[in-house]
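Asks: First, the structure itself, so that you have it in front of you.
The values are calculated or read from the model by the stated rules, or taken from the named source; none is laboratory data. Source: prediction; values computed, not measured. Don't worry about glycine lacking a Cβ; one is built from the backbone with ideal geometry, like all the others, and counts go over all protein chains shown. Side chains included, ligands, DNA and RNA excluded: accessible areas come from the protein's heavy atoms. Shrake-Rupley method; radii C 1.70, N 1.55, O 1.52, S 1.80 Å.
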Amino acid sequence: MRRMKNFGPFSPRIHGILHGADYNPDQWLDRPDILEQDIQLMHQSGMHVMSIGIFSWAKLEPAEGQYDFLWLDMILDRLYAEGISVILATPSAALPAWMSQAYPEVLRMDENRVRHLHGGRQNHCFTSPVYREKVRTIDTLLAQRYGRHPAVIAWHVSNEFEGYGCHCPLCQEAFRSFLKARYHDDLEALNHAWWTSFWSHTYRDWSEIESPSPIGEHEMHGLTLDWHRFVSAQTLDFLREECRALRAVALHLPLTTNFHDFVQLERGLDYWKLAEELDVISWDDYPYWHADKHSDAEEAARRAFIHDMNRSFKQGKPFLLMESSPSATNWQPVAKLRRPGMHALASIQAVAHGADTVQYFQWRKSLGGSEKFHGAVVDHNCDDPVHVADTRVFREVTALGRDLDRLLDIVGTSVAPEVAIIYDWENAWILADTQGPRQEGLDYFDTCVRHYKAFWDRGVAVGVINADQDLSRYKLVIAPMLYMVRPGFGAKIEAYVQAGGHFVTTYWSGIADETDLCFTTGRPGPLRRVLGIWSEEIDVLYDSDIHHVGGYEARLFCDLIHTESAETVLTYDDDFYAGRPALTCNRYGAGEAWYIAFRSYDTFLSDFYDARIRAYGIEQALDVDLPEGVTATIRADEEHCFCFLQNFTDRKQSLRLKAPMQDLLTGKQVQTLEMDPYSYHILS
Ligand code: GAL
């Protein structure tokens, strides 16, 4: 089995997996009894860490230049005295009202060029020099005061940077400067890259360029792509300024920002870029369990995919599960209570994929505000001391904490996948924007997850990477719907396959370059030689249409290809293209490259990847057939190896191991495992 070196704990001051939550004592400063109750309940539930100060700016700086840190001094001292660590946040995600009133430029302008009023959060302009100055000042003061506080183990920079750009005049200027740098001051190069001669959109001066807008230009995809890139770059620049301010004073503290789980909405920031700035990755996981449209196992695979992406951002370095709900959310359309066991199972899933913490949003429910009904470890009943800890959620959290405390040696261990799936943000942006033969149902994220699930079902570890990453460590690389092929990627794949690698891609790949200009050398562009095919045209189907390929269903996309050097493995059964290739394999150097020309929702991907796993000798976590809805993952280093078996069904499941293993939680040797609904075993 492949093993990685132990990455060590993210902070030298921690031992074991941390269990904790977002804690907002600033909402309760008039209730010292509640603060006392918090400490007592934190002990009772076995919490080791609290994230503090995320939305506290109005308490820290109640009026411009007037600071109040006494309450925070008191909280940090008290938590330290009680042995609870703190991840201290910078408050830049929610600005105080006085600032919006005094400096309207700090407020964001939307794509309709409407300046927003004060309110909500994450609503500031990332470019505004005033906002940056205010943030730098408060961050510096926090670093000076708390950088050496013994309770503080890490920085939590801002909160959930998102992909909403600001379209104010300052941002327009910054966008133009970004473009000048990107196109080396050559407006003609930009005009060509964006194909502006279409509809007479040619720019004669940089000042004519405006960010995309529904009331202006929004269908020129070179522009929309560069706007997404700019928003990522500007957000990164803002994040960097915060990091610089903190590191200038407290370089020794690791620094993170909590990533959103909104990747599936395909609008977000390119987190690969932000990841480079961080010492440790953290993310907020809010699954849709017990839904009506998908099974828990499908949702588990989707979550596992995002966990694996977060682990891959730093080449396998463990991440922090910064937020999760211990019960329901208040924003999902229907947020059913988690069935017994599900909370612990979902938390262990994060650990199984590389998390070194399990943290919640939130420790205690607020009495007011928009999130007062969001799940928390402690409910509203603070004045009912008999029942405040006597809840199902509190008991389940406490029991999970006991299991986590047994996983001391797991810290810093990781996963060493032999398979990688490429989920590429730039590709996601362009697939969402571009206007092709099917406007609906491209579902890039879900498509990648469907490929991923074939591995999840078999307990095969996967890295989730973007197109710029090194591929040499993988036996199999899969790039579903890689519409955009950036310069160098075609040559990289050729070298990878030539050297013995295995590559799989699909319909709607190799269509356009990084500015959305279509390839002129025949589709799939730079992938044509390695795949040994060319695509003449692509047919799309209605949702209700079903075509067939060798006994499998073909849905939505049927690429009509010709083989060049590739061999045809399956052909279409229907329509005017019956008999033409639908699945091909090209032997290229020491490796092979597969082209899946059609989409399918049945067992095709499962069968296809099962055969690849066997053919390429790809390791499974356990050498057994896993029951449906059960998966297995391994975290290991040179010394330790932990195998997590997880049952994401509401049924009992049983399986027999090839040889006895030790159950870490009970200390017993086991060979036949009877798994309860929503349960896990950790084997060693
Ligand atoms: C996160 C956010 C938290 C809280 C939580 C509720 O996205 O960072 O502050 O709002 O959602 O689910």
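Asks: Would you confirm, using the coordinates I've provided, whether Glu323 is over 27 Å from Ala89 (Cα atoms) and within 22 Å of the chain's Cα centre (by Cα)?
Replies: no
Asks: Going through segment 603-617 one residue at a time, which ones are closer than 18 Å to Gly551 by Cβ and among the charged types (D, E, K, R)?
Replies: Result: Asp607, Asp610.
Asks: Could I ask something else about it? Report, by residue number, each residue of segment 375-387 that is of a type in the set (A, V, I, L, M) and either under 14 Å from Leu337 (Cα atoms) or surrounded by fewer than 20 Cβ atoms within 10 Å (Cβ to Cβ) (or both). I'd like the intermediate steps shown before the answer.
Replies: Step one: of segment 375-387, the residues of a type in the set (A, V, I, L, M) are 376-378, 386.
Hits for segment 375-387 are Ala376, Val377, Val386.
Asks: What's the number of the condition Thr505 fails, among (1) in contact (Cβ under 8 Å) with a residue 12 or more places away in the chain; (2) surrounded by fewer than 18 Cβ atoms within 10 Å (Cβ to Cβ)?
Replies: Status for Thr505: all satisfied but (2).
Asks: Which members of segment 90-106 meet the condition of being more than 16 Å from the ligand (Cβ to nearest atom), of a type in the set (A, V, I, L, M, F, W, C) and open to solvent by 10 Å² or more (accessible area, probe 1.4 Å)? Give the derivation first.
Replies: So in segment 90-106, the residues more than 16 Å from the ligand (Cβ to nearest atom) come out as 96-106.
From the residues that got through so far, the ones that are of a type in the set (A, V, I, L, M, F, W, C) too are 97-99, 102, 106.
Residues satisfying the conditions are Ala97, Trp98, Ala102.
Asks: Another question, then. Working carefully through the options Arg113, Arg145, Arg121, find the one that is out of contact with any Phe, Trp or Tyr (no Cβ under 7 Å at 6 or more places or on another chain) and surrounded by fewer than 22 Cβ atoms within 10 Å (Cβ to Cβ).
Replies: On inspection, the qualifying residue turns out to be Arg113.
Asks: Within segment 325-360, can you find the residues that are open to solvent by less than 10 Å² (accessible area, probe 1.4 Å), among the small types (Gly, Ala, Ser) and within 11 Å of the ligand (Cβ to nearest atom)?
Replies: Answer for segment 325-360, where residues must be open to solvent by less than 10 Å² (accessible area, probe 1.4 Å), among the small types (Gly, Ala, Ser) and within 11 Å of the ligand (Cβ to nearest atom): just Ser325.
Asks: Return a yes/no flag: does segment 393-406 have any residue that is among the β-branched types (Val, Ile, Thr), modelled with pLDDT of 95 or more and within 16 Å of the ligand (Cβ to nearest atom).
Replies: There is at least one residue in segment 393-406 that is among the β-branched types (Val, Ile, Thr), modelled with pLDDT of 95 or more and within 16 Å of the ligand (Cβ to nearest atom).
Asks: Given the structure, is Glu567 among the charged types (D, E, K, R) and without any contact (Cβ under 8 Å) to a residue 40 or more places away in the chain?
Replies: Here the answer is yes, as Glu567 does meet what is asked.
Asks: Of the residues Val449, Val460, Val397, Val378, only one is under 19 Å from Gln646 (Cα atoms) and in contact with a Lys or Arg (Cβ under 6 Å, 6 or more places away or on another chain); which?
Replies: Numbers: Val460 fails: in contact with a Lys or Arg (Cβ under 6 Å, 6 or more places away or on another chain); Val397 fails: in contact with a Lys or Arg (Cβ under 6 Å, 6 or more places away or on another chain); Val378 fails: under 19 Å from Gln646 (Cα atoms).
Result: Val449 is the single residue among Val449, Val460, Val397, Val378 that is under 19 Å from Gln646 (Cα atoms) and in contact with a Lys or Arg (Cβ under 6 Å, 6 or more places away or on another chain).
Asks: Please state which one of Phe604, Phe642 is modelled with pLDDT of 95 or more and assigned by TED's automatic domain parsing to the domain that holds Ser544. Lay out the reasoning, then the answer.
Replies: Details: Phe642 fails: assigned by TED's automatic domain parsing to the domain that holds Ser544.
After ruling out the rest, the residue left standing is Phe604.
Asks: Would you check which residues across segment 282-310 are away from the ligand (no atom under 16 Å from the Cβ) and among the basic types (Lys, Arg) and list them?
Replies: Lys293, Arg302
Asks: Read through the list (1) among the aromatic types (Phe, Trp, Tyr); (2) surrounded by fewer than 20 Cβ atoms within 10 Å (Cβ to Cβ); (3) more than 23 Å from Arg458 (Cα to Cα), then give the number of the only condition that Tyr288 fails.
Replies: All conditions pass for Tyr288, except number (3).
Asks: Looking at (1) at pLDDT 95 or above; (2) within 18 Å of Leu404 (Cβ to Cβ), can you tell me which one Thr631 breaks?
Replies: In the conditions (1) at pLDDT 95 or above; (2) within 18 Å of Leu404 (Cβ to Cβ), Thr631 misses (2) alone.
Asks: Can you tell me which residues in segment 32-80 are touching a Gly at 6+ places or on another chain (Cβ under 8 Å) and on the phi < 0 side of the Ramachandran plot?
Replies: Within segment 32-80, Ser45, Met47, His48, Val49, Met50, Ser51, Leu60, Leu72 qualify.
Asks: Go through the residues of segment 606-622 one by one and say whether even a single one is assigned to a strand (DSSP E or B) and touching a Ser or Thr at 6+ places or on another chain (Cβ under 7 Å).
Replies: The answer is no, given that none of the residues of segment 606-622 is assigned to a strand (DSSP E or B) and touching a Ser or Thr at 6+ places or on another chain (Cβ under 7 Å).
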